[in-house]
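Down below is the structure, laid out as structure tokens.
Readers should treat all values here as calculations from the given coordinates under stated rules, not as data from a laboratory. Predicted, not measured: the structure shown is a model, and the values here were computed from it. Cβ placement follows ideal geometry from the backbone for every residue including glycine, while neighbour counts extend to all protein chains displayed.
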Amino acid sequence: MRVIVTRPEGQEHDLVARLADDGHEVVCCPLIRVEPLADDPIDVTGYDWVVVTSPNGARELLRRARGPLPRLAAIGQATADALGHADLVARVSTQEGLVADMPRPAGRVLVAAAEGARGYLADALSADFVPLYRTHAIHPEPPPNGDLCLLASASAARAFGVLATGIPAVSIGPETTRAALEAGVEVLAEAATHDVEGLVAAVSGLAASE
């Protein structure tokens, strides 16, 4: 199977290696570029929790945080791994899943995420919000060609929809699936676990059913 990997440049290696080991032909086609928003320090003093929603957010938080880190909550094991540790990893890798798992009362919470991120987390936890990075869509010419496209973020899903290739996709999780469907992308499968292993397993399941 010819599989298109859309992760940002430099973040695709593990997924590509796993797919190649399974015998798939891999086409690397980054669809988003990540831009840090600032370099000034983020004072986390006084917060009971910092909630981080993505590996990119985790890396930016560690780069800019000042003061002792409070308890860390992560959406997705990849985010927890990028942080080095997390005191809470949402059992379901969505904003709703993390809110459901947070202790109550949560105390003072800071949500660290992408610019323009969905506001459910901050609203549900009465949290402060700090944007750490923005994503820019990449429009490759010509568009990639393959049997299947792997989408690992909502922003990549939206960028892939703009290309209107008609190629179906596998999504890493519910929020990415939602964005893909809204962008007109057919989603054949959603990863059961919202990580590289889940994406690879979903591809294997589709390949076995052919």
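Miscellaneous remarks
- When E197, E141 are checked against the criterion of being farther than 23 Å from G76 by Cα, out of contact with any Gly (no Cβ under 7 Å at 6 or more places or on another chain) and acidic (D, E), E141 stands alone in meeting it.
- Looking across segment 134-147, just one residue is under 14 Å from the mean Cα position of the chain (by Cα) and surrounded by fewer than 20 Cβ atoms within 10 Å (Cβ to Cβ), and that is R134.
- Subset of segment 22-56 that is in contact with a Gly (Cβ under 7 Å, 6 or more places away or on another chain) and in a strand (DSSP E or B) - its residue that is surrounded by the fewest Cβ atoms within 10 Å (Cβ to Cβ): D43
- Residues (of a type in the set (G, A, S) and either buried (at least 23 other Cβ atoms within 10 Å of the Cβ) or assigned to a helix (DSSP H, G or I) (or both)) located in segment 70-85: A73, A74, G76, A78, A80, A82
- Some residue of segment 145-157 being out of contact with any strand residue (DSSP E or B) (no Cβ under 7 Å at 6 or more places or on another chain), among the small types (G, A, S) and free of Cβ contacts under 8 Å to residues at least 60 places away in the same chain: yes
- G67 being crowded, with 19+ Cβ neighbours inside 10 Å, touching a Ser or Thr at 6+ places or on another chain (Cβ under 7 Å) and not β-branched (V, I, T): no
- Subset of segment 91-111 that is free of Cβ contacts under 8 Å to residues at least 40 places away in the same chain and among the charged types (D, E, K, R) - its residue that is surrounded by the fewest Cβ atoms within 10 Å (Cβ to Cβ): R104
- Only one of A114, A127, A122 that is surrounded by 15 or more Cβ atoms within 10 Å (Cβ to Cβ) and touching a Pro at 6+ places or on another chain (Cβ under 9 Å): A114
- When we screen E115, E141 for residues that are without any contact (Cβ under 8 Å) to a residue 12 or more places away in the chain and not β-branched (V, I, T), the only hit is E141.
- Residue in segment 148-200 that is nearest to the chain's Cα centre (by Cα), counting only those that are hydroxyl-bearing (S, T, Y) and farther than 22 Å from E25 by Cβ: S153
- Lone unmet requirement of (1) within 20 Å of D21 (Cα to Cα); (2) in contact with a His (Cβ under 8 Å, 6 or more places away or on another chain) for L163: (1)
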